[in-house]
1. Let me confirm one metric for peptide A:171-179, namely the mean number of other chain beta-carbon atoms within 10 Å of its residues' beta-carbons.
2. Obtain the nm distance between the two label points defined at residue B:148 and residue B:198 by a simple spin-label model: each point lies 7 Å from its Cα along the Cα-to-C-beta direction.
3. Shielding by partners for B:11-17, please: the mean number of other protein chain Cβ atoms within 10 Å of each residue's Cβ.
4. Quickly rank A:327-337, A:179-189 as a protection proxy: mean count of other C-beta atoms within 10 Å, highest first.
5. Applying 1/(1 + (r/R0)^6) with R0 = 35 Å to the Cβ-Cβ distance of residue B:97 and residue A:210, what FRET efficiency is obtained, to the nearest 0.05?
6. Take the alpha-carbon centre of region A:82-104, take the same for region A:253-308, and report the distance between them in whole Å.
7. What lysines sit close enough to residue A:194 to cross-link, taking a C-alpha to C-alpha distance under 28 Å and skipping anything fewer than 8 places away on the same chain?
8. Within region A:1-114, how many lysine pairs that are 8 or more places apart, or on different chains, have C-alpha atoms less than 17 Å apart?
Protein chains: 2
Amino acid sequence: MIFRQLFDSVSGTYSYLLASRRGGEALIIDPVLEKVDRYLQLVNELDLRLVKAVDTHLHADHITGLGALRDKTHCVTVMGEQTKADVVSMRLADGDKLGIEGLALDVIYTPGHTDDSYSFVLPDRVFTGDTLLIRGTGRTDFQNGDPRQQYESIFGRLLKLPDETMIFPAHDYKGETVSTIGEEKAFNPRLQVKSVDEYVHIMNNLNLSNPKMMDVAVPANMRVGLHQDDIAARGWAVSAELALALVGRPDVALIDLREQSERERHGVIPGAIHLPYARLQENIAAGGMLHELAKSTSKQLLFYCAFGERSAMAVQAAQDVGISSARHIQGGIDAWRKASGPLMH
Amino acid sequence: MIFRQLFDSVSGTYSYLLASRRGGEALIIDPVLEKVDRYLQLVNELDLRLVKAVDTHLHADHITGLGALRDKTHCVTVMGEQTKADVVSMRLADGDKLGIEGLALDVIYTPGHTDDSYSFVLPDRVFTGDTLLIRGTGRTDFQNGDPRQQYESIFGRLLKLPDETMIFPAHDYKGETVSTIGEEKAFNPRLQVKSVDEYVHIMNNLNLSNPKMMDVAVPANMRVGLHQDDIAARGWAVSAELALALVGRPDVALIDLREQSERERHGVIPGAIHLPYARLQENIAAGGMLHELAKSTSKQLLFYCAFGERSAMAVQAAQDVGISSARHIQGGIDAWRKASGPLMH
């Protein structure tokens, strides 16, 4: 595995670049906006292809690099389903897998620091965001933080991992880079409590001032979505309401860009072909299956995904290679459901 | 292996704690004075015993933690044989092994940043000090730095390591934590040169200002030695000149505390028993071999080592457990040789 821990000294944020091999797909966890160019340089140098950018939660102390990375690489942005970010490409829930080629991280919902806090687990390590820090825990006094939930997330979930599991948090301010579950169990001062009430008492009496960047970072991080209007202005978007009339028509090929887990959880538009977004490029390139479908028939290609981000990027990519019939359902399955579109489970 | 990368954000220094197992011996590379308490807390939490504190070179940008760690733990301080530090317990040369229980690092002399710069190699990683940084190299414009030597150290030694070898430098200022030999070969801008002359030209035209801490750090780091005078004031020291008369006497047990590699390189005082410093505690404890020797005979114990540091600490430790006959040769083999004492090779 290729693994890089990268530090933003301004906000004390650790970001993590992961890939299974040189030349393969990569994902980045908790990227910082100001470091995006460096991440991409490293991705390029290591001969990787960034396919997912993931935030463990909506950060209050730095502006996320998710939007910029998506705009520059067309990667998929990922957060938990509870996030208040306007649009991310993909939302995860407890029990999901966060996957790229050769790697699958277990997704566990660990609310408490915020109500959209997630942790991601590999066999030998866990990315704990701001839930569990090295010799500390993330504050619980804003963004629907809840010390009682955090206690359960830490004691009920994270500390159940094997003692030797390495902990890679989203922050450190004292020069630590890594810890282990066993170490934090034994030496994290906030975890040496006898009850959830004692933990809640500690967390409710920290009396911390707000993060310096909070008033800037939180609003910015809530507006991370792709501007789908640009695609609409070119006439490449179809509203969910109008798309209802296109289902089942022989001259329309509906293409579902989501991953299998999303399809199972949220349902599929009847008759849709499944083409995961990660396979898009090879499919629309000359010689690719979708390229051939578009060229050899007069079918209109109608992409859709969860919230319209992947499909908007797919339309642009298809148009870029000359597939002029490409359109997408603006707002994705989310809009489709709100328009009472039929879904198969 | 237990491995911890620890960051001092003030000086941008990375320090490294290594051990082969919980409960075992540990060494630390490039410790920073201000972080010593944290290192020792971690050593304690991980159930380790710090036995060596090593500087890759005499630092100009922070005060070393070597002296404080030795004073607090009685560990052995280690630097290269060229160092201008007044006294370190042990000096290494190219080709040596830097060993603790379960770990042996290859010692390579990599001058250029300073004339006392060393790198330490494990099968999968190398600690490069300020010789090779991530996407950079250490400046060569003070402390007998020499860009021509550095070119040879980097191109002739470090870059000959396997491409996948991880690089852990003594500094980073941009949030990188690790790189590899292959990566630096390909992407370190200073290494994309066609000749040593081109490298020298680059390094001689960096026009850097001196490190902020230089006027404080360099003098402090040159005075890192143990105050052997304290031991002498208690009457526990014997000068090399006086020790000459004690060799071969039946009522004196000469005890060599050095490691085998030091004995082979610098020779041994005739008749000396070999007791490596790492084995001292178990030997002087009740039931230990040396404890029994001291109690069951009237022999005076005369410790010696390389420069008198280990032997001074050994005298104190022996006195602490009631071995009142313990003395040491002040200044060690270094003083012994200057006094023309006989040495066996």
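1. Averaged over the peptide's residues, the number is 5.
2. Roughly 1.9 nm, to one decimal.
3. Mean inter-chain Cβ contacts per residue within 10 Å come to 1.
4. A:327-337, A:179-189
5. The calculated FRET efficiency here is 0.10.
6. Between the Cα centres of region A:82-104 and region A:253-308 lies a distance of 19 Å.
7. A:160, A:174, A:185
8. Taking region A:1-114 as the scope, the lysine pair count is 4.
Each reported figure results from applying straightforward, stated rules to the coordinates on display, with no laboratory input. In this text, all values refer to a predicted model and were calculated from it rather than measured experimentally. Cβ coordinates were reconstructed from backbone atoms using ideal geometry, including for glycine residues, and neighbour counts include every protein chain displayed.
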